[in-house]
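A short write-up of the structure that comes next.
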There are 2 protein chains.
Amino acid sequence: MDMKKPDFTQRFGFLVNDVARLHGRRFDQRVREIGLTRAQCRVLGTLYMRDGQSQAALAELLEQTPMAIARMTDRMEAAGWLRREPHPDDRRIKLLFLNDAAEGALREAMRIGDSVQAEALAGLSDDETSQLLALLQKARTNLAQLERPEYVPPDD
Amino acid sequence: MDMKKPDFTQRFGFLVNDVARLHGRRFDQRVREIGLTRAQCRVLGTLYMRDGQSQAALAELLEQTPMAIARMTDRMEAAGWLRREPHPDDRRIKLLFLNDAAEGALREAMRIGDSVQAEALAGLSDDETSQLLALLQKARTNLAQLERPEYVPPDD
DNA sequence: GCTTTTTCATATCCATGATTATTATAATCC
DNA sequence: GGATTATAATAATCATGGATATGAAAAAGC
């Protein structure tokens, strides 16, 4: 008898959760000195690509609830990273715009992200790294499609 | 000009964060019906492998702060999943033991985890799946060693 | 033995995210 | 065009996790 108990740390859910937690913790420790957090960098990065989104649209892009975006943009507006402007035609909607401070901070955050990524993927060959990214991308598309079946991954 | 802006969603940090968030959200939705959460499953799974740990030891195993474990075990003790018992020799220490209800719930959580993993990794070959797990495991080891240089990954 | 240092658990505060409900505003449907 | 329905933002509540600080108890130094 004395069955070998299953090793939970080898399961995909545990693993990806752990890697994200450890990676994110380390990233947070470093971007903290520029006054940002991991989640805020995510918002900044998305707005940088598509400035002037509504909160609802941003929530869609980030696969998050509108509520999470409402509070996040509250904090980020208070911190001066972005501003909210009324939509000219629809008084329900607030459009989000990056402030000038955001671009430099985002560039620095990218440098930090590169550095943490290098730490996390140390010892992996270039092939292994691209394979890892491709497989994660596939998993991300799978999971996103489960929630929004109409979603089609970008092609360009 | 009109430089192409960097696609943040392709970065490792964003990707692994997103996959963990989407996977965890889906897992949470399902284990909720047995009264558990993702984080609690993580605790249950670890205690199942090594019952009778101190909170500090559990924090080490989970790569988390003792404070996070203190609050987590508070909630889980109140919910009846585990109990705290005093250490016979050291009055600072509380040892954690799973209650009977935990084992069945954990088995069900594993089934749910298998199901979500299958959804997330749909379309990946067996080779790709094992490669993904192996690469994530490597990243996890890398990141863990940055925080605890003495850490050595299990060999058996 | 007694002081200093470590260690264990925990209180407090903040950031994040999910759920649920509410309010204001648009859009749609007879 | 007035009632119904849908959508945008947000409030309130809970679970989670990091950072800092604290009290109690054990270990180490002398």
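Derivation of every value follows stated rules applied to the coordinates shown; laboratory data play no part. Every value quoted in this text rests on a predicted model; they were computed, and no experiment measured them. Every residue, glycine as well, gets a Cβ built from its backbone with ideal geometry; the counts of neighbours run over all protein chains shown.
Cut-off 14 Å, label point 7 angstrom out along Cα-to-Cβ of B:Ala68: give me the residues of the stretch A:23-59 whose amide nitrogen falls inside.
Answer for this model: A:23-29.
Count charges around B:Glu128 for me, please; just the other residues with Cβ under 15 Å from its Cβ, Lys/Arg as +1, Asp/Glu as -1.
Charge balance near B:Glu128 sits at -2.
Provide the net charge surrounding A:Gly113, with neighbours chosen by a C-beta distance below 12 Å and charges set as Lys +1, Arg +1, Asp -1, Glu -1.
Numbers: positive: A:Arg26, A:Arg30, A:Arg38, A:Arg42, A:Arg107, A:Arg111, B:Arg11; negative: A:Asp28, A:Glu108, A:Asp114, A:Glu119.
Local charge sum for A:Gly113: +3.
State the number of lysine pairs found in the protein assembly as shown whose Cα atoms come within less than 27 Å, restricting to pairs 8 or more positions apart or on distinct chains.
9
Starting with the highest mean, order A:72-80, A:54-62 by the number of other Cβ atoms within 10 Å, averaged over the residues of each peptide. Can you show the working numbers first?
On the way: A:72-80: 15.4, A:54-62: 17.4.
Top of the packing list down: A:54-62, A:72-80.
Using a label point 7 angstrom from Cα along Cα-to-C-beta, what distances in nm, from shortest up, separate A:Gly104 from the other copies?
Computed spacing set for this position: 6.2 nm.
If packing is taken as the mean number of other Cβ atoms within 10 Å per residue, what is the order of A:38-50, B:105-117, B:81-93, A:15-27, highest first? It would help to have the intermediate numbers written out before the result.
Numbers: A:38-50: 19.8, B:105-117: 17.9, B:81-93: 12.3, A:15-27: 22.5.
Order by mean packing, descending: A:15-27, A:38-50, B:105-117, B:81-93.
Per the helix-only calculation at 222 nm, which mean residue ellipticity applies to the protein assembly as shown, given -39500 (n - 2.57) for every DSSP H run of n ≥ 4 and division by its residues, nearest 500 deg cm²/dmol?
Details: 12 runs with 191 residues, N = 312.
Result for the protein assembly as shown, helices only: -20500 deg cm²/dmol.
To one decimal in nm, how far is B:Arg50 from the same spot in the other copies, if labels go 7 Å from Cα toward Cβ? Please give the shortest first.
4.5
Less than 13 Å Cβ to Cβ from A:Ile93, Lys/Arg counted +1 and Asp/Glu -1: what total charge do the surrounding residues give? Kindly include the intermediate steps, with their values, before the conclusion.
Working: positive: A:Arg84, A:Arg91, A:Arg92, A:Lys94; negative: A:Glu85, A:Asp89, A:Asp90.
Here the charged neighbours net out to +1.
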